[in-house]
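Contents: one structure, followed by commentary.
The values are calculated or read from the model by the stated rules, or taken from the named source; none is laboratory data. Keep in mind that this is a model prediction, so the values were computed, not measured. Methodologically, a virtual Cβ is constructed for each residue, glycine included, from the backbone with ideal geometry; neighbour enumeration extends over all protein chains shown. Note: accessible area is taken over every heavy atom of the protein model, side chains too, but ligands, DNA and RNA are not part of it. Shrake-Rupley method; radii C 1.70, N 1.55, O 1.52, S 1.80 Å.
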Amino acid sequence: MSDTRRFQPVSGMDLPRFAGIPSFMRLPVIAPEQAGAEGVQIGLIGVPWDTGTTNRPGARHGPRQMRDLSTMIRSTHPVSRVKPFEACNCADLGDVPVNPTDVQATLGRVERFYDGIVAQGIRPLTAGGDHLISLPVLRALARKGPLGMVHFDSHTDLNDSYFDGDKYTHGTPFRRAIEEGLLDPARVIQIGIRGPVYGDFEDVEWGRAQGVTIVTIDELFDRGIADVMAQARAVVGDAPTYVSYDIDFVDPAFAPGTGTPEVGGPNSYQAQQVVRALSGLDIVGADLVEVSPPFDASGGTAWLAVSLMFELLCVMAEGR
Ligand SMILES: [Mn+2]
């Protein structure tokens, strides 16, 4: 029914990788409403929106910059040797039509867009956008029941509210997701948590009281990546799992282009290792969020981000 040749990235041998119109990883661009009929199995989607940001904005520019840098991605993983574009039909399904001045309207727009994707049996790999965009994506993906989640971040994003009781910000999505029954807290693990806080650790205490496993950066480095990721695999098990990757998980020496950086984090190699350890899980969707090009003068943060999207794509595609 589908021609798999159609889903190969434009070869750098046919057209140099710096040339051409930049789709995600040089994949074909397919209209989201037709993607299922065309045979798409994994859809790369941009959500260019940062109105949930509480401090330094700019993540609305993330998808465009990430598409540009993603033209440097090649086709075979160097360690696992997975060839994601042969294992699965992947395509760029464009950007969600967001509303930059209206939080609730945008949450609705993202949810409806992903409802359409999920209804066609397509697994989404998303480029943010700020971290609030994970909430409407989870609403669409969790229709059949709560999901597990592996979450890489320097912040829990489990806060209750900001400013005047605002419940929908990029610091609150997973509190809302647990309250709405989108995530099973017993199957959620957050890794890399660090940085000074406003006064107490209410977010961490609330999460642990719900049953969320929270691994601080000290614990990650004390125990080592292999041990913590074995725990992550045990926490989420074989059931459907979402992966949410905030680029501020990575040390700002390697990823300065983000709104809320926290020093003392993993390097680029460690940032890749944690994703490689997810091999074999039932990953129903993943995102890479909080890349802010205005703070990314070299483009190096976006390059790391799309390299991590390639890591995520490989563990999503293998075995499918
Ligand atoms: Mn976050």
Count of residues meeting criterion [under 18 Å from the mean Cα position of the chain (by Cα) and hydrophobic (A, V, I, L, M, F, W, C)] in segment 222-281: 15
Single unsatisfied condition, residue 174 versus (1) aromatic (Phe, Trp, Tyr); (2) part of a helix (DSSP H, G or I); (3) farther than 29 Å from residue 98 by Cα: (3)
Segment 194-224, subset in contact with a strand residue (DSSP E or B) (Cβ under 6 Å, 6 or more places away or on another chain) and among the small types (Gly, Ala, Ser), residue farthest from residue 250 (Cα to Cα): 211
So residue 12, is it farther than 16 Å from residue 90 by Cβ, at pLDDT below 95, surrounded by 11 or more Cβ atoms within 10 Å (Cβ to Cβ) and not polar (S, T, N, Q): yes
Failed item in (1) of a type in the set (Val, Ile, Thr); (2) touching a residue at least 60 places away in the same chain (Cβ under 8 Å); (3) open to solvent by less than 10 Å² (accessible area, probe 1.4 Å), with residue 106 passing the rest: (2)
Hits in segment 232-289 - residues which are more than 19 Å from residue 213 (Cα to Cα), aliphatic (A, V, I, L, M) and in a loop (DSSP other than H, G, I, E, B): 250, 253, 255, 263
Residue list for segment 115-154, restricted to those being part of a loop (DSSP other than H, G, I, E, B) and either out of contact with any strand residue (DSSP E or B) (no Cβ under 7 Å at 6 or more places or on another chain) or charged (D, E, K, R) (or both): 120, 121, 130, 142, 143, 144, 145, 153
Checklist (1) farther than 28 Å from residue 144 by Cβ; (2) surrounded by fewer than 23 Cβ atoms within 10 Å (Cβ to Cβ); (3) within 16 Å of the ligand (Cβ to nearest atom) applied to residue 255, failing item: (2)
